[in-house]
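Undergrad: Mind having a look at this structure? Questions to follow.
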């Protein structure tokens, strides 16, 4: 009997029939994530209903040295949730209870399988606000958001997922349960162990429950589109907003190729500005329109802002945001996107864009590379559409582009993953951003938490 | 030759004469911290000038299995920096350079021995703001702030030290240097190793450099004193402020015994309110006085606020803040303070206070226990003055009070250290707030990072 089958048979003792899927009974949503990198049918998918069952499964897998892959909503784009055909998936779908909202502490206690959108909605219904937001909100699960330290547009004001997690419960590789369900803002009782699991992509333990920190909802936001002569002027605007008004709830920068392409794809839309410019920013800020206008007028005087429009109503605000959202959405639905998610010190993002763009144009003259990003978070995205490439060139071109982009990131001492994580897809480039001592220490941590290498093996590093 | 002397002799190869202090040449500031727990002359104090020297010292100590104690400004109150007579101190005093302020990235790169106040001042001079603030600002060093995950009054708005550290450089027990000097807001390239060192009280590595995240300075603050019928009304006010205006920069709650004692000790001060009330809050908030007045008026109508005064100028604001600051300052300078720093879910702090107070009154009827704290951070402080106790009863009474307070904290599933850390003084109570699996995992982490147990041994746990 194979090890996999032994695990499944031993799990039948405490899992019901409908908690085990094998072979063709496995829903294809467990085959791959939003990267669409590889579609693989795992050996089996187990659906534990509670922490104890997760613990029992891991205890058996650890004893038999069976590799397991934890899965949330599978909205990741780094392949961290993809399982091989000989691996067993633990899906947290059946652990989707919101256990408590504590109005005094301003916290929500949830099981790992609750979706981000469910958390956002429950917070809103309680008159509170959960600020982490990403495109996969309807599918992605809190356990996955924690395991990947999710980012998104609101990081600039509210921080990454890490800053919204007060406590977790986590099952270790050997089945031991660590109860770190802290509800307090301040807790300095020894090492803050939960930090190790946040962003570890399921390689050190499986998060089963969490205490989330809720915030007060923002009041009405002003939405604005600005044009700049150069990238650093956009950074100046951001810093002026922070100094004179407040930190924006989102602050997204685009270069002109991206902007024009977006407009060309938006139906019934003309350019809200009078001409084209080198760089643009779209942002939401919690500030009175008059204060915002005054600040923009000042920078218009000095030539740091060339043009600007403030949305006068919700519909206009949505129309402005479409300029930011159309390109990735369109390429994802009609093309074959290759997407990068890198970070650099904010002041260097402009120069990085020039160098990276030139290098890509030189090596891949037929491809258009589009630059945009959450620059207030030091985060740049690059998207290319590979749909016109012949199938047989695809892999080598993708590798070539990776080499170029990550090569420039390395030259700039940047990071190859700002918010998407490493998973499988960036594993071979991790050493571009992480030195040998650091990588060795990561391996030692992995060895400590998972000596039999059963938890999401070969993700992040081999 | 003793191991200690061997270490010192080998260090003479690369350390200058004035970088080594032994015996009576050791300044008494290295004997103890602000807890005044024990005054011990360490065997030697070494003053490395750079990271390489820290690495060389640790490499030698690790080889010879010599215990070392890292020291910053010695403003801690948990004894984490106190060395035994057979231990060697590494003091970071000579590594006090501010290396860079990056205006675009809004970061400051510093060596570990720079004081918090120097960081605050340098940020201010650059038109920016470093929000972490504690009473020891003039002496405490950034390395120590990181090692203890410092808190303070501004946590409610800006978060703990952890949230202001983007990168660190740290020397491991064996002398290896981990370069984690990240400057980016977003960096998900593998495990976020720096988190292990933040708050580990020098037991896992010695922080030598750091990249700090700077903020925009707050604009003018309104200072206000409010009186409430009960504790939960104070929490209501806090949540209303957050929802309708903004999160206060500080929000401090006191009970009446504390308030009255403070007034009695403040020279030339009458009660700014018309009578005494059960609970008070003093807070600073970045909001127009009119908005604040309207909000307070609403809550006055519902009886949740009984009285309030808003400072009309800077002098009045300082006078209000003196009510919060006088008691700890006075007891520290004229008495013998015993101070607690616990945290609980915010909604339970009021009940905790009642139970803890009653329990203390029952066991120690001659002592006055005063309750106050950063309740928006879930953090309660308790202070008692033991100056009238006979010297020979001191230790047993202190232990007795510890048992009572930490016992109630355990009953409430709270935390025995909100912001001060564990060090030596709370070590025996760590298991009140941390279960066995968690404590074992902390020990395993310690074993991984410091197998020879040379780094600040016996701190946090034995």
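Readers should treat all values here as calculations from the given coordinates under stated rules, not as data from a laboratory. Quantities reported herein were computed from a predicted structural model and do not represent experimental measurements. A quick note on method: Cβ atoms are made from the backbone with ideal geometry, for glycine too, and the neighbour counts reach across all protein chains shown.
Undergrad: Just order B:115-122, B:253-260, A:4-11 by mean Cβ neighbour count inside 10 Å, highest at the front, would you? Before the final figure, lay out the partial values.
TA: Values: B:115-122: 19.2, B:253-260: 21.0, A:4-11: 17.1.
Going by the mean number of other Cβ atoms within 10 Å, highest first, we get B:253-260, B:115-122, A:4-11.
Undergrad: May I have the pair-distance distribution P(r) for the protein assembly as shown, computed from all Cα-Cα distances with 20 Å bins from 0 and rounded to whole percent?
TA: Bins of 20 Å from zero give 14, 45, 35, 7, 0 percent of pairs.
Undergrad: What shape does the stretch A:1-160 have by the C-alpha gyration tensor, where a ≥ b ≥ c are the square roots of the eigenvalues, rounded means a/c under 1.5, and otherwise prolate means a/b greater than b/c and oblate the rest?
TA: prolate
Undergrad: Please compute, for peptide A:422-434, the average count of beta-carbon atoms on other protein chains lying within 10 Å of each residue's beta-carbon.
TA: Average neighbour count from other chains, rounded to a whole number: 2.
Undergrad: What FRET efficiency, computed as 1/(1 + (r/R0)^6) with R0 = 51 Å and r the Cβ-Cβ distance, is obtained for residue B:221 and residue B:84, rounded to the nearest 0.05?
TA: After rounding, the FRET efficiency stands at 0.70.
Undergrad: Also: When the Cα centres of the stretch A:10-54 and the stretch B:441-462 are compared, how far apart do they sit, in Å?
TA: For the stretch A:10-54 versus the stretch B:441-462, the Cα centre distance is 39 Å.
Undergrad: Evaluate E = 1/(1 + (r/R0)^6) for residue A:290 and residue B:230, where r is the Cβ-Cβ distance and R0 equals 51 Å; express this FRET efficiency to the nearest 0.05.
TA: 0.80
Undergrad: Normalised by the number of residues in the stretch B:98-213, what is the relative contact order in percent for Cα pairs under 8 Å and 6+ residues apart?
TA: RCO, the stretch B:98-213: 30 percent.
Undergrad: So for the protein assembly as shown: antiparallel DSSP bridges make up what percent, rounded to the nearest 5?
TA: Of all bridge pairs located within the protein assembly as shown, approximately 85 percent are antiparallel.
Undergrad: With each pseudo-label sitting 7 Å past Cα toward Cβ, what's the residue B:267-residue B:12 distance in nm, one decimal?
TA: Placing both labels 7 Å along Cα→Cβ, they lie 5.3 nm apart.
Undergrad: Another one. For the pair residue A:52 and residue A:329, what calculated FRET efficiency results from E = 1/(1 + (r/R0)^6), where r is the Cβ-Cβ distance and R0 = 51 Å, to the nearest 0.05?
TA: With R0 = 51 Å, the Cβ-Cβ based efficiency is 0.80.
Undergrad: I would also like to ask the following. If you count, for each residue, the other Cβ atoms within 10 Å and average over each peptide, how do A:342-348, A:403-409, B:407-413 line up from highest to lowest?
TA: A:342-348, A:403-409, B:407-413
Undergrad: Residues of the stretch A:204-237 with the amide nitrogen closer than 16 Å to a label point 7 Å from the Cα of residue A:124, along Cα-to-Cβ, please.
TA: Once the point is set 7 Å along Cα→Cβ of residue A:124, A:215-221 turn out to lie under 16 Å by backbone N, inside the stretch A:204-237.
Undergrad: Counting pairs of alpha carbon atoms under 8 Å apart in space and at least six apart in sequence, what relative contact order in percent does chain B give?
TA: Over chain B, the number comes to 15 percent.
Undergrad: Could you work out the mean count of beta carbons from other protein chains within 10 Å of each residue's beta carbon in A:437-448? It would help to have the intermediate numbers written out before the result.
TA: On the way: counts 7, 8, 3, 2, 11, 5, 2, 2, 7, 2, 1, 6.
Other-chain Cβ atoms within 10 Å of each residue's Cβ, averaged: 5.
Undergrad: Turning to a different aspect of this structure: Report the full-extension gain for the segment residue B:298 to residue B:367: residue separation times 0.36 nm, less the Cα-Cα distance, to one decimal in nm.
TA: Gain on extension, residue B:298 to residue B:367, equals 20.9 nm.
Undergrad: With a 10 Å radius around each residue's Cβ, average the other Cβ atoms per peptide and rank B:214-224, A:370-380, B:312-322, highest first.
TA: Most protected by this proxy first, the peptides run A:370-380, B:214-224, B:312-322.
Undergrad: Does the stretch B:222-331 come out rounded, prolate or oblate, given a ≥ b ≥ c as the square roots of the eigenvalues of its C-alpha gyration tensor, rounded meaning a/c under 1.5 and, failing that, prolate meaning a/b above b/c?
TA: Prolate, because a/c is 1.5 or more and a/b exceeds b/c.
Undergrad: Next up: Take every DSSP beta bridge whose two residues both sit in chain A, then give the antiparallel share in percent to the nearest 5. Please report the intermediate quantities before stating the final value.
TA: Numbers: 57 of 66 bridges.
Given both bridge residues lie in chain A, the antiparallel proportion sits at roughly 85 percent.
Undergrad: What is the spread of the Cα atoms of chain B along each of their three principal axes, largest first, in whole Å?
TA: So the extents along the principal axes, rounded to whole Å, are 74, 58, 45.
Undergrad: If one computes the Cα centroid of the stretch A:213-256 and of the stretch B:367-383, what distance in Å separates the two points?
TA: The stretch A:213-256 and the stretch B:367-383 have Cα centres separated by 38 Å.
Undergrad: Okay, next question. Going by alpha carbons, how many degrees (0 to 90, nearest 10) lie between the helix axis of B:231-240 and the longest principal axis of chain B?
TA: 80
Undergrad: Using the Cα atoms of the stretch A:335-420 to build a convex hull, what is its mean projected area in square nanometres? Mind dumping the intermediate values first?
TA: On the way: hull surface 20.8 nm².
If you wrap the Cα atoms of the stretch A:335-420 in a convex hull and average its projections, you get 5.2 nm².
Undergrad: Oh, and also: Treating the angle as unsigned and between 0 and 90°, give the value, to the nearest 10°, between the Cα long axis of helix B:314-334 and the longest Cα principal axis of chain B.
TA: 60
Undergrad: Helix B:256-265 sits at what angle to the longest principal axis of chain B, using alpha carbons and giving 0 to 90 degrees rounded to 10?
TA: Once rounded, one gets 80 degrees.
Undergrad: For the stretch A:222-331, what's the relative contact order in percent, using C-alpha pairs closer than 8 Å and at least 6 residues apart?
TA: RCO, the stretch A:222-331: 45 percent.
Undergrad: Now a separate question. Any idea what diffusion coefficient the stretch B:3-91 gets from Stokes-Einstein, in µm²/s, Kirkwood Rh on alpha carbon pairs, 10 °C, 1.306 mPa s?
TA: After rounding, the answer is 122 µm²/s.
Undergrad: Still on this model: Find the centroid of the Cα atoms in the stretch B:318-352 and in the stretch A:268-343, then give the distance between the two in whole Å.
TA: Here the two parts' Cα centres lie 49 Å apart.
Undergrad: Using a 10 Å cut-off around each Cβ of peptide A:411-418, what is the average number of partner chain Cβ atoms that fall inside? Don't jump to the answer; show the numbers that get you there.
TA: Working: counts 0, 0, 3, 5, 8, 4, 5, 6.
The mean count of partner-chain Cβ atoms within 10 Å per residue comes to 4.
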